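Peer 1: The structure under discussion is supplied below as structure tokens; questions concerning it will follow.
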Amino acid sequence: MQHSPMHDGQRMTASEPILKIDNLRVEFRVAGLKEEVKVAVDGLSLTVNAGEVFGFLGPNGAGKTTTMNVLLGFVPPTSGSAYIFGTDVSQPIARQRIGYLPELTYYYRFLTPEELLRFYGRIFRIPKDQLEKRIDEVIKLVELEHARKRQIKTFSKGMQQRIGLAQAVLNNPDLLIFDEPTSGLDPIGRMKVREIIQRLKNEGKTVFFSSHEMGEVETVCDRVVIINQGKVREEGQVTDLLAKHQMNLEQIFLKLIGYQASV
Amino acid sequence: MMTNAMALAGVVVREMYRRKDFYVLLILTVIITLAMGSVNFFNDDKIVRYLKELCLLLIWISTLVMAISMAARQLPMERESRTIFPLLAKPISRGEVILGKFLGCWFACGLALLVFYVFFSVLTGVREHDLPVLSYFQAIWLHWMMLGIVTAMVILGSLIFAAPSSNATISFVVSAGILLLGRHLNKVALQMSEPSSTILYTIYYNIPHLEIFDVRDLIVHNQPPIEWGWWALATPYAAVYIAIFLFAACWIFKRKSLSA
Ligand SMILES: Nc1ncnc2c1ncn2[C@@H]1O[C@H](COP(=O)(O)OP(=O)(O)OP(=O)(O)O)[C@@H](O)[C@H]1O
Ligand SMILES: [Mg+2]
């Protein structure tokens, strides 16, 4: 099941980053009165190493989702490059080893969680007997046992988000890319996500995720990058940043994006 | 490649039988046919023919509407509900997505056709005490091939036209136009002046001639089945058009930037 470029004799070594973004630029053409070019990501570079939990922070519209869309090959970069497991993302990448949780997604409304996961499991080529076991595991993990045979269209926002998490970890991936994993979840759900990320880290997985919850990021991340208007504003180990700025992550964030308290 | 496409096709078929549209079309066809049939109580030859003709016409319209509306909404729905993102993040290529969507719609059409023709067989069986199995088999098969061409065309259209509704409308007009006028275009062209004549000839020689898949007249008039050689030729003819449409769809889809 695990086919990876790492074993296929590529020039990948243990020290090489799992995820590498190099001077990435993404422009969108915005059709308006006159055609404008909107720069969503502007010269972004970063690396994520194996086993790290990496926080990808920035205000709304900073370019986080756009960057992730490039990583998964949904959007072609205007210039610059990005690599996952050492392979350029414009190549058919090693998706077998990636788990992806998109922001604001609805899953096939007329399927049940079981059916949805079975469908994704087939694409991952998980053998039938293993798949059923794995589905039980992930449904239990996101606490949807009571709803596993209900059509997804009857689900609440948080329940949809839980299915999203379940499908992201289904194939036991080495790299997880989460776009705002805790959005729409209640406090217990948020804690659960933190636990899941922690557990993935303990298993040696790499997690790259965006979030607006600074407290959460402070507790689970090894390293963070803060971007604004498509550009990196700050990057480093969480502990280093806290020591350097002498304030908590939320305050650092607000300072870096130029927020002045109005009261 | 086939595993991924078939997995996706399974989702499409499941969608068809969990949605209401198919049942609505089926019930409408049954009710209209039975209502017309109950008007007379004699087994007048003409009336039976008329009834068969009507029932087949309803089946053709229903399945065409179903095939077009189903194929037209597949990719736009994936974009709108954003299910395309978790899907493409998995080890599945965009080409496999197109193929899976096509196969799903086409299989769903096949299932619907079977149900419709079972009703038709019961109807004619009761009225004529006869069941020309071979003729019906030919008719269903050809009908299914025709829907395959239409489905592939609509999937291509869903990548070209922005709104699913305009795609569906244009596809319906084009399909119905070919079915009604396709075989006469060359005769019309003959009477035209240049350059419209050449243009019309070009159209005539390039469009998929959906009307050749239509053997309703033979069934209505209880004619023997068409020659099996011709019947067999119709399948590769359909396959060529399906392949052209699907390749074009893949080509466009592979180059599409998918954001928001
Ligand atoms: N398809 C598009 N066409 C035009 N502009 C776009 C498109 N997608 C994104 N943008 C623009 O790119 C910028 C970055 O958007 P992006 O979705 O990456 O932000 P984000 O960091 O994920 O924000 P949020 O925290 O709100 O999710 C925004 O200004 C947005 O308007
Ligand atoms: Mg976002």
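Peer 1: Enumerate the helices in chain B for which the Kyte-Doolittle hydropathy averages 0.0 or more and the C-alpha atoms extend at least 30 Å along the helix's axis, using complete DSSP H runs. All intermediate terms of the calculation are to be shown ahead of the outcome.
Peer 2: On the way: long enough: B:45-80 (52 Å, 0.60); B:94-128 (49 Å, 1.29); B:133-160 (40 Å, 1.74); B:228-254 (39 Å, 1.33).
Qualifying helices: B:45-80, B:94-128, B:133-160, B:228-254.
Peer 1: Can you give the % of DSSP beta bridges in the protein assembly as shown that are antiparallel, to the nearest 5? Display every interim value, and only then the final one.
Peer 2: Values: 23 of 40 bridges.
Around 60 percent antiparallel, to the nearest 5.
Peer 1: Further, regarding this structure: What average count of beta carbons from other chains do you get within 10 Å of the Cβ of residues in A:118-125? Before the final figure, lay out the partial values.
Peer 2: Details: counts 2, 7, 6, 2, 8, 10, 4, 3.
Average neighbour count from other chains, rounded to a whole number: 5.
Peer 1: May I ask for the angle, rounded to the nearest 10°, between helix A:187-202 and the longest principal axis of chain A, with both axes built from Cα atoms and the value confined to 0 to 90°?
Peer 2: 90
Peer 1: Label segment B:2-255 by shape, choosing from rounded, prolate and oblate, from the square roots a ≥ b ≥ c of the eigenvalues of the Cα gyration tensor; if a/c is under 1.5 it is rounded, and otherwise prolate applies when a/b is larger than b/c, oblate when it is not.
Peer 2: Details: a/c = 1.99, a/b = 1.31, b/c = 1.52.
Since a/c reaches 1.5 but b/c is at least a/b, the shape of segment B:2-255 is classed as oblate.
Peer 1: Could the peptides A:55-67, A:77-89 be put in order, highest first, of the mean number of other beta-carbon atoms found within 10 Å of their residues? Working shown, then result.
Peer 2: Working: A:55-67: 21.4, A:77-89: 18.5.
Sorting A:55-67, A:77-89 by mean packing, highest first, produces A:55-67, A:77-89.
Peer 1: Once amide H atoms are placed 1.01 Å from N in the peptide plane, what residues at a sequence separation of 5 or more from A:Arg233, or on another chain, have their amide H within under 5 Å of its amide H?
Peer 2: Here the answer is A:Ile226, A:Ile227, A:Asn228, since their amide H atoms fall under 5 Å of that of A:Arg233.
Peer 1: Cα axis of helix A:128-141 to longest principal axis of chain A: angle in degrees, 0 to 90, nearest 10?
Peer 2: Once rounded, one gets 50 degrees.
Peer 1: So if I place +1 on the C-beta of Lys and Arg and -1 on the C-beta of Asp and Glu, and nothing else carries charge, what would the dipole magnitude of the protein assembly as shown be about its Cα centre? I want it in debye, nearest 20.
Peer 2: Values: 54 positive and 47 negative charges, 56 e Å.
In debye, rounded to 20, the protein assembly as shown gives about 260.
Peer 1: Report, to the nearest 10°, how far helix A:157-169 tilts away from the longest principal axis of the Cα atoms in chain A, using its own Cα long axis and a range of 0 to 90°.
Peer 2: 80
Peer 1: Then there is this: Let me have the 222 nm mean residue ellipticity of chain A computed from DSSP H runs of 4+ only, each contributing -39500 (n - 2.57), with the sum over all residues rounded to the nearest 500. Write out the running numbers ahead of the final one.
Peer 2: On the way: 8 runs with 85 residues, N = 263.
Mean residue ellipticity at 222 nm (helix-derived): -9500 deg cm²/dmol.
Peer 1: State to the nearest 20 debye the size of the charge dipole of chain B about its Cα centre, where the only charges are +1 on K and R beta carbons and -1 on D and E beta carbons. Please report the intermediate quantities before stating the final value.
Peer 2: On the way: 20 positive and 15 negative charges, 212 e Å.
I would put it at about 1020 debye.
Peer 1: Could I ask something else about it? For the protein assembly as shown, report the translational diffusion coefficient in µm²/s to the nearest whole number, using Stokes-Einstein at 37 °C, 0.692 mPa s, and a Kirkwood Rh over Cα pairs.
Peer 2: Details: Rh = 26.3 Å.
The Stokes-Einstein estimate is 125 µm²/s.
Peer 1: Another question, then. When the Karplus curve 6.51 cos²θ - 1.76 cosθ + 1.60 is applied with θ = phi - 60°, which whole-Hz ³J(HN,Hα) does each residue of segment A:42-54 get, with x for Gly and Pro?
Peer 2: So the J values, rounded to whole Hz, are 10, x, 7, 10, 6, 10, 10, 8, 4, x, 8, 9, 10.
Peer 1: Just going by the charge dipole of segment B:2-255, with Lys and Arg at +1 and Asp and Glu at -1 on Cβ, which of B:Ile31, B:Val173, B:Met2 is farthest out on the positive end?
Peer 2: B:Met2
Peer 1: Now a separate question. Please state the shape class of segment B:58-195: rounded when a/c is under 1.5, otherwise prolate if a/b exceeds b/c and oblate if not, all from the C-alpha gyration tensor. The partial results should precede the final answer.
Peer 2: Working: a/c = 2.53, a/b = 1.24, b/c = 2.04.
Taking the square roots of the gyration eigenvalues as a ≥ b ≥ c, segment B:58-195 is oblate.
Peer 1: In segment A:110-210, with Lys and Arg counted as +1 and Asp and Glu as -1 at Cβ, which of these residues, A:Gln198, A:Ala166, A:Ser156, has the Cα nearest the positive end of the dipole, that is, farthest along it?
Peer 2: Comparing the listed Cα positions along the dipole, A:Ser156 ranks first.
Every number here is computed from the coordinates shown, using simple stated rules; none is lab data. All figures in this text were calculated on a predicted structure; none of them were measured in a lab. FYI the Cβ positions are ideal-geometry reconstructions off the backbone, even for glycines, and counts take in every protein chain you see.
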